[in-house]
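The values are calculated or read from the model by the stated rules, or taken from the named source; none is laboratory data. Every value quoted in this text rests on a predicted model; they were computed, and no experiment measured them. No Cβ is skipped: glycine too gets one built from the backbone with ideal geometry, and neighbour counts run over all protein chains shown. Just the protein is used for accessible areas: all its heavy atoms, side chains included, with ligands, DNA and RNA removed. Shrake-Rupley method; radii C 1.70, N 1.55, O 1.52, S 1.80 Å.
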Amino acid sequence: MVRHDPTVDAWFERYDNPQRDLVMAVRDAVLDADERVTETIKWQAPTFVYRGNIASFYPKSKAHASLMFHRGAELPDPEGLLEGEGDVSRVAKFADAAELAQKRDALQAVVRAWIAARDAG
């Protein structure tokens, strides 16, 4: 069962973006990856947390839902979900609900990889 934080719910109530429904669906997919994942607002955007910051939405994106994994370069990504070449962060983008459905397992695998890495120490 997906657990929503009331502060994040309030943020979404004010979120005026054509991708709002898609961003909310990505939110649920991340939270559904593992019951230990929580959410909060950091940097004026919904952020997912487990023993550190996992990922934050880029809320100004209007062409797609954009989720930045703060330390994504450290995570295994066998499905090629994450984009970027930087030393630290990576981005997952979803154009629509169909693309999210196609990439949902890969998204959840990246979230679970973060959790496994944090649990391993």
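Just a few scattered comments:
- Lys/Arg +1, Asp/Glu -1 at C-beta; the chain dipole; positive extreme among V2, G80, A45: A45
- Answer label, with volume of the Cα convex hull per residue in Å³ calculated from the coordinates and candidates (1) 120; (2) 186; (3) 102: (3)
- Amide H within-cut-off set for A55, under 5 Å, with H built and near neighbours excluded: F48, H70
- Share of carbon and sulfur in the accessible heavy-atom surface of the chain [1.4 Å probe, %]: 49 percent
- Lysine pair count for the range 6-120 with Cα-Cα distance under 16 Å and sequence separation of 8 or more or different chains is 4.
- Entry note, the chain: relative contact order of 22 percent, from Cα contacts under 8 Å with a spacing of 6+ residues.
- Magnitude of the charge dipole for the chain, about its Cα centre and with charges confined to Cβ atoms of Lys, Arg (+1) and Asp, Glu (-1), is about 260 debye.
- Using a probe of 1.4 angstrom and keeping all protein chains present, the accessible surface of the chain works out to 54 square angstrom per residue.
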